Each structure stands twice: as C-alpha cells, then as structure tokens.
Amino acid sequence: MTRGKTERATSESVQKLWGQYHTTGDVALRDRLVLTLAPMVKYIVYRKVREIPARCEVEDFISCGLEALMRSIDRYDPERGATLEQFAWTRIHGAVLDELRRNDWAPRSLRRWERDISRSRERFIALYGRAPTREELATSVDLTPDELDRWLGDIQRSEVGSLNVLVLGEDDTTIERIDTLSSTDLNLDPETRAVRDHAKERFREAFEQLPERERQVAVRLYLHNLTLREIGEALGVTESRVCQIHSQLRRRLRDLLEQDEQLFSEVA
C-alpha cells in the first residue's frame with residue numbers, strides 16, 4: 001500500500017514539475033524533468049539490447065531515447081488523458097524501434113530465421129550439454145543442411161560491423177571476427193590496405209568539417225571514453241545538450257559520408 005502511494009506521489013511530482021516548465025519555459029526545469037525520467041530511457045534500451053546490431057553502440061540508442069524524451073516533454077498535452085510518463089514511454093519506445101530498423105539492413109524474414117536458429121541451438125545445448133552438429137541443427141529448424149548453410153551465410157553477410165567484435169568460434173570459445181577469416185593478415189593484401197587507407201582518409205576529411213564543439217564531444221566520447229555527464233561538465237553544458245550535440249554530429253557525418261557507404265561496407 002505504501003509503495004502505491006509513493007508511485008502516485010512521484011507521478012504527481014513529475015506532472016507538477018512539467019506544469020511549472022510549461023508555464024515558465026524555464027530550461028532548468030526541463031533539464032530536471034530529463035534527469036528524472038532518464039532511467040526510463042535506459043530501461044527501454046536495455047530491454048532491447050539483444051536486438052541491437054553488434055556494430056552499433058548502446059550509447060547511440062540511449063542518445064536516441066533521450067532525444068525522444070526531450071521532444072515528448074515539449075509536445076506533451078495533458079488534455080489527452082495520459083500522464084507525461086506514459087506519453088514519454090510511448091515516444092521513447094517508438095524512437096528506439098525506429099533506430100533499430102534504420103540500423104538493420106537485413107529483411108525481417110532473415111532476422112526471424114536468425115532468432116529461430118539461435119533458439120534451436122540454445123535448446124539443443126541445454127538438452128544435450130554440447131553444440132549441435134550441422135545436420136542436427138538443420139533438422140531442428142526443419143531445413144536441409146544446404147538450406148541451413150545458405151541462411152547462415154545470409155545472416156553472416158548481414159552483420160556488417162567491426163572485425164574486432166567477439167564471436168563464438170568452432171570450439172565454443174570467443175574469438176575476434178577477424179580470426180574467422182581465411183587470411184590471418186589482411187594488411188598483406190595491397191588492395192585491402194589501400195581501401196582501408198582511403199576510408200580512413202575520407203573519415204578524417206568529414207570529421208574536419210564538423211563544427212569545433214561537435215569535434216570536442218566526439219573526441220571526449222570515443223577517444224577518452226567519457227560519459228555524457230562528464231563531457232557536459234567539461235564543456236560547461238547540460239547532459240541533455242551534449243546528447244543533442246552528439247546526435248547532430250552523427251547526422252552530419254552520415255550526410256557527409258553518404259556517398260561512401262559502399263566504401264565503408266567493404267572495410268567494416
């Protein structure tokens with residue numbers, strides 16, 4: 001009973017805080033709302049974390065969710081009957097799903113096969129204490145071994161990401177994806193090295209075109225591994241402002257490198 005009263009009081013305080021922000025337009029009040037509701041963003045993202053492609057960073061989805069939270073605070077209308085928390089939840093969840101779809105180049109049918117094959121493999125391991133053979137796994141998902149190979153090949157090709165990401169090796173140990181390639185040193189291939197060097201140069205050129213503030217955020221986030229809050233403290237801005245700057249630089253880089261998508265796919 002006490003717990004229910006606490007939850008109602010918390011909801012009422014959020015509504016009251018929003019009312020003050022709506023009346024005054026005080027940005028500090030909006031930042032307080034963002035900080036109050038930010039745990040909701042992390043909860044939604046971490047519920048979907050298994051669906052996030054390996055090449056993507058969870059922080060990117062949290063940034064996306066925080067953007068949706070800030071938009072929902074500004075667009076919320078209590079006359080529609082929902083609380084701010086309910087309205088924000090719907091908007092954040094929808095934004096995270098949209099970002100997932102945008103980052104996934106594979107069709108949904110392929111992702112369904114990926115889930116079915118993964119579940120079948122996990123069930124087999126749980127039952128027999130070992131990984132299934134190719135034939136056993138194919139039988140469990142009602143495919144021929146050749147059909148299974150084709151689906152697995154399509155799934156592997158759909159995962160365009162870092163060669164340093166950890167994957168499961170044949171002996172059930174984790175290894176870097178680069179170690180699964182036939183060549184142990186791709187840098188010995190002049191064509192591959194030239195393509196990678198060109199990709200790095202294109203990225204440097206695009207990065208240099210970013211505004212100074214966006215470059216500062218990128219360096220602190222990706223090279224110094226600072227959190228959004230730590231970056232905000234270093235730059236003298238709020239965490240929500242850092243989130244906005246981060247989203248702006250991602251969009252700007254995406255636009256600048258749009259014509260080079262094939263180049264980066266080849267070296268990913």
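Looking at segment 2-76, what helices (runs of 4 or more DSSP H) fall wholly within it and have at least 2 residues that are modelled with pLDDT of 90 or more and within 22 Å of the chain's Cα centre (by Cα)?
Values: elements: 2-24, 27-47, 58-75.
Hits in segment 2-76: 27-47, 58-75.
Kindly check whether there is at least one residue in segment 224-243 that is among the hydroxyl-bearing types (Ser, Thr, Tyr), out of contact with any strand residue (DSSP E or B) (no Cβ under 6 Å at 6 or more places or on another chain), outside any helix (DSSP H, G or I) and more than 16 Å from Glu57 (Cβ to Cβ). Talk me through it step by step, then tell me what you get.
Filtering segment 224-243 down to residues among the hydroxyl-bearing types (Ser, Thr, Tyr) leaves 227, 238, 240.
Filter once more, so that each one left must be out of contact with any strand residue (DSSP E or B) (no Cβ under 6 Å at 6 or more places or on another chain): 227, 238, 240.
Applying the additional criterion that residues be outside any helix (DSSP H, G or I) yields 227, 238.
This time we only want the ones that are more than 16 Å from Glu57 (Cβ to Cβ), so: 238.
Yes, segment 224-243 has at least one match.
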Check: Taking Ala194, is it among the small types (Gly, Ala, Ser), over 19 Å from Leu66 (Cβ atoms), surrounded by fewer than 17 Cβ atoms within 10 Å (Cβ to Cβ) and at pLDDT below 90?
Finding: yes
Check: When you look at Ser120, is it of a type in the set (Gly, Ala, Ser), modelled with pLDDT under 85 and in a helix (DSSP H, G or I), yes or no?
Finding: no
Item checked: Tabulated pairs, segment 224-248, first closer than 17 Å to Leu35 by Cα, second polar (S, T, N, Q) and buried (at least 19 other Cβ atoms within 10 Å of the Cβ), C-beta under 6 angstrom, 6+ apart or interchain -> Gly232/Thr238; Cys243/Ser63
Checklist line | Top-ranked residue in segment 78-96 [being part of a loop (DSSP other than H, G, I, E, B) and without any contact (Cβ under 8 Å) to a residue 60 or more places away in the chain; ranked as nearest to Tyr43 (Cα to Cα)] | finding: Ala82
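The values are calculated or read from the model by the stated rules, or taken from the named source; none is laboratory data. Keep in mind that this is a model prediction, so the values were computed, not measured. Don't worry about glycine lacking a Cβ; one is built from the backbone with ideal geometry, like all the others, and counts go over all protein chains shown.
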